[in-house]
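Engineer: My questions will all concern the structure given below.
The values are calculated or read from the model by the stated rules, or taken from the named source; none is laboratory data. Please read these numbers as outputs of a predicted model, since none were measured by experiment. Positions of Cβ are backbone-derived with ideal geometry, glycine not excepted, and every protein chain shown enters the neighbour counts. The area values use the complete protein model at the heavy-atom level, side chains included, leaving out ligands, DNA and RNA. Shrake-Rupley method; radii C 1.70, N 1.55, O 1.52, S 1.80 Å.
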Amino acid sequence: MRVLYICADLGIPVLGSKGAATHVRNLIAALRRAGHKVVLTAPVLAKSHWEEPARPPSQMLTLPPGTATVNAVASLKESVARLGVTSSLPSEVRRLLYDQELFGKLLRRFKNDAPDVIYERGSIFATAGARLAGELSLPFLLELNAPLSLEQSTYRGGGLKDLAAQAEKWVLTRADAVLTVSAPLKDHAASLGVPVERIHVLPNGVDSALFSPGPARAATRARWGLGEGPLLGFVGGLRPWHGVELLPALLERLAPRYEKLQLVIVGDGPLKEALRLNLSERGLASRTVFTGAVPQEEVPPLLRELTAALAPYPRPEHDFYFSPLKIFEYMACGVAIVASSLGQIAEVVRDDETGLLCPPGDLEAFEAACDRLLSEPPLRCRLGEAAAREAMDRYTWDSNAARIGEIGAGLSDLFSRRT
């Protein structure tokens, strides 16, 4: 099957280190292992010229915003700056204009050399994939990782909320299959008018060749300046909705009981400096290591060093629709997990079987759970081994690719019979 994979999100450098970018690459690699031909089209490859890009997962078609879009957005930014206000309008207009030009560029390239299916990672204001599929009479598969307009207004702000909501509904209801990463997102898609028989839940997964249990190695600790004592760890974006604000107080409570205990934070984000300051004020700077963002292949060795892997998500004001990559990566490496009992996490991690679950934001519960893991090595081993088996059996990119292949092939056959 020939798959055109569209990632039109200007905020996802597809060869970068963001979780969304690794998701794109891992799924495409799995599709190719399953025998499918894939072309990935995206506007941005890397966040910075100085960032070492990942290896492309397939043939690439890079389509950045054109001159007209760049000039229009630059002019709008100048107007906003002149008025002395902060506005998301230039960013939103950039996405709208890019979506319009992307459709034309894709149509010119694929009108006479079409794929079998079009697969798009849903993003705000993105309609080009649905329009192209309609123009070429091809099956359109839409991957939904969040309620797009809600996420935009809640976490990023936006002045075009009604337009964003309408664009989301428009593209969802034109998809031949909607692939959501969680059950709450399935309900969200259904609430916007998508027939339930078109909606499929595919949680995120792992590359089982990369994320797997393995021995701890002194070289890993030496590279990152980690001591020989127990390690608590967090992997992910340092953003409010990941609950990282809980980490300094958690370490402060546990440190007196475990003399050599350290915290390693793998990732980057806007809360990094606030975390550094908080830890320093508590006298814990020397017991914390910030690695910054690291390439995906360097994450598993760090995970294998952990005594406990943390996912302290707070309870959001909306449904917890996330499918956290970190949970599956923790599990696959056989690390004992302490996580918030929220949404899909509580479905994937079974309390006291494949990890320990705590009420969201409950510092005392997280302290008690970590204390158990730090003081009971047999418990750590039991939970980690069970989690690794679960991840390999149920949550891999290869199993997701197989399911997508089945859905795509079924739709291709249906479309061919129509013609």
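Engineer: Viscosity 0.692 mPa s, temperature 37 °C: give me the Stokes-Einstein translational D for segment 353-419 in µm²/s, with Rh taken as the Kirkwood radius over C-alpha pairs.
Structural biologist: 213
Engineer: What net charge is computed for the residues neighbouring ASP113, neighbours being all others with C-beta under 13 Å from the C-beta of ASP113, Lys and Arg scored +1, Asp and Glu -1?
Structural biologist: That works out to +4.
Engineer: Can you grab the distance from the C-alpha centre of segment 219-290 to the C-alpha centre of segment 34-70, Å, no decimals?
Structural biologist: Each part's Cα centre sits 33 Å from the other's.
Engineer: Over segment 133-215, what number does the Rg to Rh ratio reach, with both radii from the alpha-carbon atoms and Rh per Kirkwood?
Structural biologist: Using only Cα positions, Rg/Rh for segment 133-215 is 1.09.
Engineer: In addition: With 10 Å bins from zero, work out the P(r) of segment 100-147 over every alpha carbon pair and list the percent per bin.
Structural biologist: Pair shares across the bins are 27, 56, 16, 1.
Engineer: Would segment 258-397 count as rounded, prolate or oblate if I go by the C-alpha gyration tensor, calling it rounded below 1.5 in a/c and otherwise prolate when a/b exceeds b/c, oblate otherwise?
Structural biologist: rounded
Engineer: Roll a 1.4 angstrom probe over the protein heavy atoms and tell me the percent of accessible area of the chain that is carbon or sulfur.
Structural biologist: Percent of accessible area from carbon and sulfur atoms in the chain: 50.
Engineer: With a probe of 1.4 Å, find how much accessible area the chain has per residue, and write the answer as a whole number in Å².
Structural biologist: 44
Engineer: Further question on the same structure: Give the shape of segment 220-279 as rounded, prolate or oblate, defined through the alpha-carbon gyration tensor: a ≥ b ≥ c are the square roots of its eigenvalues, a/c under 1.5 means rounded, and otherwise the shape is prolate if a/b is larger than b/c and oblate if not.
Structural biologist: Verdict is oblate for segment 220-279.
Engineer: Would you please classify the overall shape of segment 1-73 from the alpha carbon gyration tensor, given that a ≥ b ≥ c denote the square roots of the eigenvalues, rounded means a/c under 1.5, and beyond that prolate means a/b larger than b/c while oblate covers the rest?
Structural biologist: oblate
Engineer: Give the whole-number value, in cubic angstrom per residue, of the convex hull volume spanned by the C-alpha atoms of the chain.
Structural biologist: Cα convex hull per residue, to the nearest whole number: 144 Å³.
Engineer: With just the Cα atoms of segment 50-141, tell me how far they stretch along each of the three principal axes, in Å, largest first.
Structural biologist: In descending order, the Cα extents are 49, 34, 22 Å.
Engineer: For the chain, with a Gaussian network of springs between Cα atoms less than 10 Å apart, report the residue from ALA219, ALA46, ALA388 with the top mean-square fluctuation.
Structural biologist: Residue with maximal mean-square fluctuation among ALA219, ALA46, ALA388: ALA219.
Engineer: So what is the relative contact order of the chain, in percent, for Cα pairs below 8 Å that sit 6 or more residues apart?
Structural biologist: Relative contact order of the chain: 15 percent.
Engineer: So what's the angle, to the nearest 10 degrees on a 0 to 90 scale, between helix 161-172 and the longest Cα principal axis of the chain?
Structural biologist: 80
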